[in-house]
Amino acid sequence: MNFKATFFLLILLFTLISCDSKGQNQSETTQQAHENYLNNLTYEEVMSNESKLSKAERSEEEWKNILSSEEFRILRNKGTELPFVNKYNSHYEDGVYVCKACGQPLFHSETKYNSRSGWPSFYAPIEEDAVDDREDNSFFMNRTETICSRCKSHLGHVFDDGPEPTGLRYCMNSAALKFVPKDSSDE
């Protein structure tokens, strides 16, 4: 191989590596900005009607850029996390659980209970239209998938073996949720 061809290949290789690392850094920056947005949500803000106004429509590539790989696997590819070792299974503070993808309020801590399933469970969404249900026949099972009504991300499944007053068990993935605590000053 002559010098010009080798030089050209090295420049091409350097350009490809440079472009890839810029994309990765941009993705990390985008993920950090999304995490900052979620971390800065207040209880008052998520409980206001303004947080529920518009649909969150993004391409799968955009979701991939703002979510971690685990969040993307669960929220966009209908994955499931391990039971019992997830973030919110044994979490019982007062506040609201919002969608990790778009920030929509989904469940209030008042409806959370220990279902002994290994995943955070709720007997009702914060509002009837906060979540949508759709049929899920994956893995040779007939279940009802629960998705965020705002961004259509997968949250978990709903079963009819929950406590009163609804008889429902919304069995959610912790990685699909972000907890927003209620300020102690509100009590």
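In this label model, Y37 and Y92 are separated by 3.4 nm, measuring between points 7 Å along each Cα→Cβ vector. As a proxy for reagent exposure, H157, H91 were ordered by neighbouring Cβ count within 10 angstrom, fewest first; the result is H91, H157.
Within straight cross-link reach of K112, meaning Cα distance under 17 Å, which aspartates and glutamates are found once same-chain residues fewer than 8 apart are removed? Partners found: E93, D94, E127, E128, D160, D161, E164.
Report the net charge of residues surrounding L177, where surrounding means a beta-carbon distance below 11 angstrom and charges are Lys +1, Arg +1, Asp -1, Glu -1.
+2
Each reported figure results from applying straightforward, stated rules to the coordinates on display, with no laboratory input. These numbers were taken from a predicted model, which means no experiment stands behind them. Positions of Cβ are backbone-derived with ideal geometry, glycine not excepted, and every protein chain shown enters the neighbour counts.
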